[in-house]
1. For the structure I just gave you, tell me whether A:Ala383 is within 12 Å of another protein chain (Cβ to nearest Cβ) and either in contact with a helix residue (DSSP H, G or I) (Cβ under 9 Å, 6 or more places away or on another chain) or within 16 Å of A:Ala276 (Cβ to Cβ) (or both).
2. Among all residue pairs at least 6 apart or on different chains, which show Cβ distances below 9 Å where the first residue, located in region B:52-75, is part of a loop (DSSP other than H, G, I, E, B) and the second is of a type in the set (S, T, N, Q) and modelled with pLDDT under 75?
3. Return yes when B:Phe315 is more than 9 Å from chain A (Cβ to nearest Cβ) and in a helix (DSSP H, G or I) and no when it is not.
4. Name the residues in region A:46-87 that are surrounded by fewer than 11 Cβ atoms within 10 Å (Cβ to Cβ), assigned to a helix (DSSP H, G or I) and not aromatic (Phe, Trp, Tyr), would you?
5. Just checking, how many residues over region B:90-110 are of a type in the set (A, V, I, L, M, F, W, C) and over 21 Å from B:Val195 (Cα atoms)?
6. Which number in (1) farther than 30 Å from B:Phe149 by Cβ; (2) in the same structural domain as A:Tyr329 (by TED's automatic domain parsing); (3) assigned to a helix (DSSP H, G or I) marks the one condition that A:Pro36 misses?
7. Do you know which residues across region B:170-220 are in contact with a His (Cβ under 9 Å, 6 or more places away or on another chain) and at positive phi?
Amino acid sequence: MKNTLRQVFHSSKFVAGFIIFVAILLMMFIYPLINPGNPLQQIGVGTFAKPGTYVSLYDATKSPVSTFRLPDAAEKRLGTSLSEEDKVAMVEWFEAVGADISDLDTNDTEKMLEMWDEYYDPSAKPKGMIRAKILYYGRLDKSLKEMGGSDSISIADKNEEGELEETKKILDTDYVNTKDVANVKTLPLGTDNFGRDVLKELVSATGTSIRIGLIAGIVATLIGLTFGLLAGYVGGILDDIIMFVTNIFTVIPGFVLLILISYSIGQEQRGAAVVAIVIGFTSWTWTARSVRSQVISLRNRDHVNLSKLSGHSLVRIVLTDILPYIASYVVMAFILQVSSGILSEAQLSLLGLGPKTTEVPTLGLMMNWAMLYSAHTNGSWWAYFPVILTITLISFSLNLMNTGLDQVFNPTLRD
Amino acid sequence: MKGYRKYFGKKLLWFVVTFIVAVILNFILPRLMPADPVASITGKLAGGNSDASAVAEIYKRYQKEFGTDLPMIQQFFRFCKNAIHGNFGLSFSQYPRSVSNIIASSIGWTIALQLPAILVGWLLGNILGALAAYIRKGYDKVLLPIALFLGNVPAFGMAVIMLVIFGVYLKIAPISGGYAFDMIPHLSWNFIKSVISHYQLPFWSIVIISIGGQAVGMRSMSIYELNADYVKYSRFLGIKDRKIVGYVFRNAMLPQVTGLAMSIGTMIGGALVAEIIFSYPGLGSTMYSAVTSADYPLISATTLIITIMVLVMTFLLDIIYGFIDPRVKAAQFE
Amino acid sequence: MGKAMLEVKNLKTKYITRFHEDVYAVDGVSFTIEEGKSLGIAGESGCGKSTLALSMMGYYFAPLHYISGDIIIDGKNISGMDPDTVRKTILGTEIAYIPQAAMNALNPTQKIIRFIEDVVHAHDPKKDKKEIREMAEKRFAELGLPAEALNKHAVELSGGMKQRTVIAVSTILNPKVLIADEPSSALDVTSQKMVIKMMRELMEKGYIKSMLFITHELPLLYNVTDDIMVMYAGQLVEKGSAEQMVFDPVHPYSHGLMKSILVPEEGTRGQKLTAIPGAPPNLKRPPDGCRFAARCKYAKPECRYSAIPEKEFEENRMYRCLMGVDELREVYGNE
């Protein structure tokens, strides 16, 4: 046993997979300690806030001010408020009035604005340009002027008479230290369509999905193992019956069964655990088949016959003379089942047949929400990409472990 | 030939038995639902109608239409009789279209998308895997982990990533539907062009997914075969390495046919979900809309059709396999 | 003395393991087989006899590597030849090989006749398929194999049939030297006899001119080959005629080998079998002195450091031991 373990941990593939998987598990346990709270709490109003650090504007205006004169501040300010579309429109204008744009860099905001001042003429009517477009350039010009225009923003409050009165002036050289601002929230992966913290949700969903995979794997392995042992060891008519059932369920696609059963259970009854058990119930055939063929080859080995002659009970023979020999296969099948269970949950959820949505997030549900709210078409990559990456990493790590084990236990494949 | 007939007969028998079990499961499972489906539909259709007798009237009408007032066994035979005639009743969500009408309009899309995609993916995957086994060096260290990693990206994930990169950012191909939304299916160049451009993303995402799994399997199969005794023997008889590689790949590829037969059920599951991502007008999307609108006759019919498709594919592959691989022939035909 | 068909001079080859260690599996082997003669090699598993068979083909692929020495087939030195030339002009036509596990030697998904076509075409790409079929049918008939076997896949043949087919295919191009690596070990007794009969026929009919037969069963060699060599730890330890080797072995290892196997002759029933104690040395670092010293009950201290040369004695006999022939005969005579 100890020796086998040592051998397994000599396989670089297994070790790589193991490290990735353990890292995911650690993340699952440690992150909630740093950032506790309900993962489904809607902290944001509105959908899909970008990843980043959010500073409370309200608190910031009241924080102590330091003055900095940074040389590139103005340019940066313009750069972030000048949208990509505006830049394209500006270049189009330059082209239309015949300016030289051969070495123009659209990221060089300063140069762009310089050229704009030089070439824009509100009275010009470039050939072929429709009126709406000319008007648009008028508006663009105005907003460009405003961007660079004022060097302060006034904050006004209503006074006793109900009139606005300036209470504070914020200059473009005013800075506050984020440490002085009472409310700063860092959202490494932004928020989702419901305004939830995606990272917190992802960590919790990963945990749930791994649990679903484990339950599905345990259920499938137990059923497959029992059937395989009975069919292989007892043989006879029992073998025929079990193989009949197994063959049928090998051919009927498990995914279809999964859909039918999940649908039949109904939304209300469908908790994460129920979904996991259903997945397990539809994916045991492979284990049953391979366990059976292994047991058949073991059944007539000398040590098994010796046990039989010594009058040991069936349970004892199975536990001491059969199971240790097929343990590696069972473990390998179990690992694959955990990984396919996680994937099945995700696919079910995408079909709208996942666990009910109010209790816990799962990776599949997160994916489903992101798709329902078109995260993929509106550029909110943080809502779906980390989910895909997590599923891929989990199944990659499990498969690596499986390949590593395969190489240790089936040396013909060893490189 | 006699042996082959026996093999064929045995496989056919299995096919029929599995088919019957599939139909029974398809019939029974939705009926085990704790809630009365007819009642829930009635509730939905009755909407704000508070007149109890009117609701009861609707309920009775539906009960009659779906035959839920009959005993189970009678219902089953009715279900079978209707199914044979292609009659799966009326759809709830797309009333008054019939279920068979909806399926007829989507099944072609699914077959045209998935069959070529899975086959192309299978072929490319096998070629890549074989090359990988033959070249070995370099590949193993760098490309194999990448291939393994890509092979583990779920089908829907690959679909989303392809959609975002090629559809949303690069704008190479349209991102949803089977053809431009302002078109009505008809035979014209414009329509065909539109269909082809909409075909690209779903097709390639399924292909890439199939490649990953196949290539890794083919690689280890080829390595196993490359170490076989006949390789050494053929070499010592002066046969060219290129020819021997041909033997090896043929032998490694044949079991992959079984692999395809075994995995086609799983692959279809992933591919159906990819259809949903691209709103492709096939069975996957139909099933999705059926699930979201609780259209229970439609769900039952789509699952049945998918099962039949998988069964037929598996059956055909089994038959082909028995025919082309003498190892199976020798074992099975006797 | 007849014309030498195969001459091997001081051949050395090694395996390179996946941990980049060298294993000297064949370490300076020399011998000659004359036209019309057969030579047997005996030794326990791992002594390098199968590696010697592979090394003599002049065609090396990982993990086996050539170090030095000559292989001369009918006057032509093939060592150091370009591998592709060896493949085209030597393999199958000058020297042919029958593998240890004939069970898996044939491509399972190919018909026998297609394989024969590939073999012939590898040397003569223009040869007509019809001609090849005729040739194959004729050869199969002469060797007592059914012509239908040609149209079958390897999986459809029985074990004995498979082995005989392999022999027929290997010799289809009339090689001058045939190397058979335990061709009959995995077979039942009847099939074994048929295989042996077939090999003799090949020699008698002149399809092959000489044969090297490798086995771990000494008594089988006595029945099959003219001469016998005993190999130990990558080196030859004794050589002589079949008769001499079985009834008058000299080297302590040959004695041990004879005692550890059953010779089915009258009076041997009830004779005790004794195994040679110990295990062969690790060929990654072969010992300086006699390689058998660690297991030899008559080993002296000097056996362990001085390299032992091959010593000729009597006619056509050789052994590798520090002790003299008479001394050895006396010691074993008293046992």
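The values are calculated or read from the model by the stated rules, or taken from the named source; none is laboratory data. Small disclaimer: the values here were computed from a predicted structure and weren't measured. In this analysis, Cβ positions are derived from the backbone assuming ideal geometry, glycine residues included, and neighbour counts consider all displayed protein chains.
1. yes
2. These pairs meet every condition: B:Asp69/B:Gln63.
3. Values: more than 9 Å from chain A (Cβ to nearest Cβ): no; in a helix (DSSP H, G or I): yes.
Here the answer is no, as B:Phe315 does not meet what is asked.
4. Result: A:Leu57, A:Thr80, A:Glu84, A:Glu85.
5. Keep residues of region B:90-110 that are of a type in the set (A, V, I, L, M, F, W, C), which gives B:90, B:92, B:99, B:102-104, B:107, B:109.
Keeping just the survivors that are over 21 Å from B:Val195 (Cα atoms) gives B:90, B:92, B:99.
Adding up the residues that qualify gives 3.
6. (3)
7. From region B:170-220, those in contact with a His (Cβ under 9 Å, 6 or more places away or on another chain) are B:173-180; that's our starting set.
Within region B:170-220, just B:Gly177 meets the criteria.
A quick yes/no check of all residues on (1) facing another protein chain (nearest Cβ under 10 Å); (2) assigned to a loop (DSSP other than H, G, I, E, B); (3) of a type in the set (S, T, N, Q):
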{"residue": "B:Gly270", "(1), (2), (3)": "yes, no, no"}
{"residue": "B:Ile276", "(1), (2), (3)": "yes, no, no"}
{"residue": "B:Gly284", "(1), (2), (3)": "yes, no, no"}
{"residue": "B:Tyr288", "(1), (2), (3)": "yes, no, no"}
{"residue": "B:Val291", "(1), (2), (3)": "yes, no, no"}
{"residue": "B:Ala294", "(1), (2), (3)": "yes, yes, no"}
{"residue": "B:Ser300", "(1), (2), (3)": "yes, no, yes"}
{"residue": "B:Val310", "(1), (2), (3)": "yes, no, no"}
{"residue": "B:Gly322", "(1), (2), (3)": "no, no, no"}
